[in-house]
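What follows is a single structure, written as structure tokens, with notes after it.
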Amino acid sequence: MPLRCLLLVSAALLPCAWSFSPSGLAAFPRSQTSCKSAVMSRPQRLTGLRMAEDVSETQKLSRRQLMGFVGAAGLLAPFAANAETAEMGLDVLDRPEFRRRQDLVKFNSEDVADLNLSDIPFSINGKKKKVSKLLGKTATVVMNIKLDDPESTVQLPALRSLITQYADQGLGAILVPTDQGDYEPDDSATVRIKVASQYNIQSSTKGPVVVTDKTDIVGKFAHPLYKYLTYLQPNPNNVSRITLNYEKFLLDANGKVLRRYPRLWPADRMARDVAAVLAGQPLPAEDPRWLFAWKEADKEVTRSIYSFRKHYNYYDQQEAGQDWAGTKSEAFTPGSNEARFKGVTTGKPLEVPLGN
């Protein structure tokens with residue numbers, strides 16, 4: 001920590017030493033207060049360089065001493081940095097007790113003991129559809145999405161590329177938006193419209209891609225499909241629940257979970273695995289880069305705004321999350337759940353009492 005401070009102090013003193021010396025003013029015009037005076041012609045710059053060459057021996061010595069001090073601090077900075085930044089596993093956010101409070105653990109079997117994939121319903125446009133009816137004929141990618149996440153500009157085009165390549169061989173995809181985590185401001189209908197208009201991915205219950213209504217995917221009200229998937233396929237960090245936006249699962253024709261993929265593993269990188277499933281062959285060996293991406297995800301899970309952090313951006317609420325229903329007067333498509341506020345579906349304005 002002291003070395004880190006010394007480095008910061010030396011870095012702050014260096015421009016000051018140059019600025020307050022005559023040569024500093026000449027050789028580095030940006031240190032002057034006037035922006036206009038900082039714009040120098042070629043003769044002026046040459047004059048400034050000559051002035052810098054005429055610096056006295058005393059000034060040169062002082063400058064060498066300061067530079068030597070900065071250089072020494074720079075060499076020792078990595079040791080100071082290592083002393084300040086704890087390695088993965090030593091940070092307070094990585095302590096076992098904190099991770100347990102964040103549900104960063106493997107689920108118990110009783111959480112999904114009674115789940116049967118063929119009976120799990122999913123809401124799409126307010127209508128219930130069995131997950132078994134949404135699966136691709138040969139394989140399916142299930143991915144949670146968040147349109148406000150910058151990673152959308154990578155993940156959704158990558159998925160479209162994968163589907164375009166293999167849809168005629170029976171590959172399908174189920175995309176699941178949610179209000180949990182970093183907030184999704186649009187209702188389910190608008191999410192589908194944006195996915196279609198911005199990424200050219202059309203949603204249809206007949207496939208190859210369907211975008212569901214917004215639903216909970218973590219916590220005690222997590223959708224049964226996600227309880228099923230995450231229990232059967234915990235990630236390599238021994239965590240069952242979804243931890244970040246754009247996690248993906250690869251399922252076979254019967255809904256068996258074959259592999260799980262991290263946020264920073266776009267769908268087009270799944271091509272080798274998908275091709276193997278479509279050909280009826282075993283999955284290729286795990287890519288070391290895939291495992292590295294999961295290790296990086298484990299660092300993000302307690303720190304990133306794109307992660308699902310319990311007590312921060314999702315909670316053990318008293319009821320399941322509800323989709324915004326909109327107002328009929330504004331021609332909003334009603335959501336899959338009842339409106340959260342009285343009168344909202346009839347267009348009646350909310351009455352807000354004003355204080356004195």
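The values are calculated or read from the model by the stated rules, or taken from the named source; none is laboratory data. Because the structure is predicted, anything quoted here is derived from the model rather than measured. Note that we place each Cβ from the backbone using ideal geometry, even for glycine, and neighbour counts take in every protein chain shown. All accessible areas refer to the heavy atoms of the entire protein, side chains included, with ligands and DNA or RNA removed. Shrake-Rupley method; radii C 1.70, N 1.55, O 1.52, S 1.80 Å.
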query = If we keep just the residues of region 231-258 that are more than 25 Å from Gln318 (Cβ to Cβ) and charged (D, E, K, R), which is most open to solvent (accessible area, probe 1.4 Å)?
reply = Lys256
ask   = For Lys206, all conditions in the list (1) open to solvent by less than 10 Å² (accessible area, probe 1.4 Å); (2) assigned to a loop (DSSP other than H, G, I, E, B) hold save one; what is the number of the exception?
value = (1)
task = For Asp273, state whether it is among the acidic types (Asp, Glu) and open to solvent by 30 Å² or more (accessible area, probe 1.4 Å).
result = no
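Scan Thr153, Thr164 and give me the residue that is at pLDDT 95 or above and either open to solvent by less than 30 Å² (accessible area, probe 1.4 Å) or more than 22 Å from the chain's Cα centre (by Cα) (or both).
Details: Thr153 fails: either open to solvent by less than 30 Å² (accessible area, probe 1.4 Å) or more than 22 Å from the chain's Cα centre (by Cα) (or both).
Just a single option satisfies the conditions, and that option is Thr164.
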ask   = Any residue in region 179-192 that is open to solvent by 10 Å² or more (accessible area, probe 1.4 Å), in contact with a Gly (Cβ under 8 Å, 6 or more places away or on another chain) and closer than 18 Å to Pro121 by Cα?
value = no
task = Pull up region 214-225, narrow it to residues that are touching a residue at least 40 places away in the same chain (Cβ under 8 Å) and in contact with a Lys or Arg (Cβ under 9 Å, 6 or more places away or on another chain), then point me to the one that is farthest from Asn125 (Cα to Cα).
result = Gly219
request  = Give me the pairs, please: first residue somewhere in region 234-247 and within 23 Å of Glu184 (Cβ to Cβ), second residue anywhere and outside any loop (DSSP other than H, G, I, E, B) and of a type in the set (Val, Ile, Thr), beta-carbon distance under 8 Å, and either six or more positions apart or on two chains.
outcome  = Ser240/Thr230; Arg241/Thr230; Ile242/Thr230; Asn245/Ile145; Tyr246/Ile145
request  = Kindly list the number of the only condition in (1) open to solvent by less than 30 Å² (accessible area, probe 1.4 Å); (2) assigned to a helix (DSSP H, G or I); (3) touching a residue at least 60 places away in the same chain (Cβ under 8 Å) that fails for Tyr228.
outcome  = (1)
ask   = Using beta carbons and a limit of 8 Å, which pairs, at least six apart or on different chains, have the first residue in region 121-133 and open to solvent by 50 Å² or more (accessible area, probe 1.4 Å) and the second one among the hydrophobic types (A, V, I, L, M, F, W, C) and in a strand (DSSP E or B)?
value = Lys128/Phe122; Lys129/Phe122; Lys130/Phe122
message = Every residue in region 186-201 that is hydrophobic (A, V, I, L, M, F, W, C) and closer than 28 Å to Gln165 by Cβ, please.
response = Val191, Ile193, Val195, Ala196, Ile201
Checklist (1) farther than 15 Å from Val142 by Cβ; (2) open to solvent by less than 20 Å² (accessible area, probe 1.4 Å) applied to Leu291, failing item = (2)
request  = Determine which member of the set Tyr199, Tyr228, Tyr246 is touching an Asp or Glu at 6+ places or on another chain (Cβ under 8 Å) and among the hydroxyl-bearing types (Ser, Thr, Tyr).
outcome  = Tyr246
